[in-house]
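A short write-up of the structure that comes next.
What follows draws every value from the coordinates through simple rules; no lab data is involved. Just so it is clear, the structure is predicted and the values come from calculations on it, not from any experiment. When we count neighbours, we look across all protein chains shown, and the Cβ atoms used for this are built from the backbone with ideal geometry, even at glycine.
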Amino acid sequence: MTLNIHGTLLDLSTPQVMGIVNLTPDSFYAGSRVQLADDVVSRVRSMLNDGASIIDVGAYSTRPGAAPVTVEEEMQRLRKGLEAISKAVPEAIISIDTFRADVAKMCVEEYGAAIINDIAGGELDPQIFQTIAKLHVPYIIMHGGKEMIESQSGHGGPSDYQYSDLMETLMLYFSERVNRLHDIGVCDVIVDPGFGFAKNMEQNYQLMAALDELHELECPLLVGISRKTMIWRLLNTSPEQALNGTTVLNTIALMKGAHILRVHDVKPCAEAIRIYTQYSNSI
């Protein structure tokens with residue numbers, strides 16, 4: 001599989017690392033937060049040197065209990081960070097973590113962002129699918145983010161998520177949206193099953209066990225489990241102590257055929273990919 005990045009194909013036959021840069025004061029893992037321009041550039045350069053091929057930049061925290069962020073504030077944070085990155089590290093492939101069409105349009109047109117990462121799967125902004133089609137960029141579609149964002153806005157959101165069949169729900173969710181995106185001209189669609197979003201602990205591990213079923217969609221598969229609750233709550237630790245658990249689950253995801261791993265800690269992930277690739281080539 002490949003992704004068209006500004007006319008150049010990014011080969012996914014070897015799994016790729018997506019490094020997380022949060023331009024927020026309140027993301028769940030404090031180590032991922034950066035606001036000052038020099039710190040943003042330093043973080044991006046460090047991630048690229050450690051083996052990241054994609055940098056995912058976000059300005060809206062989806063941490064439970066985080067305050068909602070206005071469109072204006074999200075754009076202001078992104079402009080500040082992207083201005084610094086585009087000047088200092090213009091070669092970086094930048095993904096934008098947003099569910100808003102106007103924000104996506106601004107980041108692609110003004111700063112050359114290469115990928116849009118929508119945790120709401122098009123459910124919170126009816127314009128985003130058409131916007132992505134016009135921008136001609138790869139689009140990451142995630143399951144479960146809508147409920148998290150709505151709960152931040154005071155609209156509730158279920159505390160216990162009931163699925164008669166979790167994988168069937170995910171397959172129907174993605175197949176309908178992928179088909180709709182392809183119909184309007186979006187060529188590169190990446191699916192993210194949304195670990196930690198609208199899923200309880202047991203469901204997250206059920207999803208990991210059945211992850212390879214999503215290859216039926218014939219789309220690149222992104223997995224983001226870095227330092228999440230499914231790790232540190234199970235181990236009775238904290239996000240700061242969840243790196244080892246993250247590496248274990250990333251390795252399982254690789255064995256299930258993940259194409260992109262979205263992480264806070266690039267070097268351990270890149271090393272896991274090198275070891276897994278060597279192992280796979282030796283079979």
One quarter of the C-alpha convex hull surface, i.e. the mean projected area of segment 185-283 in nm², amounts to 7.3 nm²
In whole Å, how far is the Cα centre of segment 102-133 from that of segment 256-277? 26 Å
Could you size up the charge dipole of the chain around its Cα centre, putting +1 on the beta carbon of Lys and Arg and -1 on that of Asp and Glu, and report it in debye to the nearest 20? 640 debye
Going Cα to Cα from Lys267, which lysines come in below 23 Å? Please leave out same-chain ones fewer than 8 positions away. Lys228, Lys256
When Glu72, Glu83 are ranked with the fewest other C-beta atoms within 10 Å first, the list becomes Glu72, Glu83
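So what is the calculated 222 nm ellipticity per residue for the chain, using -39500 (n - 2.57) for each DSSP H run with n of 4 or more, over all residues, to the nearest 500 deg cm²/dmol?
Taking each H run of at least 4 residues, the total per residue is -13000 deg cm²/dmol.
If you take every DSSP beta bridge fully contained in the chain, what fraction is antiparallel? Give it as a percent rounded to 5.
Values: 4 of 31 bridges.
Expressed as a percentage, antiparallel bridges in the chain total about 15.
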Quick check on packing: order 132-143, 235-246, 266-277, 161-172 by the mean number of other C-beta atoms within 10 Å, highest mean leading. 132-143, 266-277, 235-246, 161-172
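Just to be sure I understand: if I project the alpha-carbon convex hull of segment 36-134 onto a plane and average over all orientations, what area do I get in nm²?
6.6 nm²
Below 8 Å, C-alpha to C-alpha, sequence gap of six or more: please give me the relative contact order for the chain in percent.
Values: 508 pairs, mean separation 55.1, N = 283.
Once normalised by length, the contact order is 19 percent.
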Based on the alpha-carbon set only, what is the convex hull volume of segment 13-282 divided per residue, in Å³? 122 Å³
³J(HN,Hα) across segment 96-111 via Karplus (A = 6.51, B = -1.76, C = 1.60, θ = phi - 60°), whole Hz, x for Gly/Pro? 10, 8, 8, 10, 10, 4, 5, 5, 4, 4, 4, 5, 6, 6, 8, 10
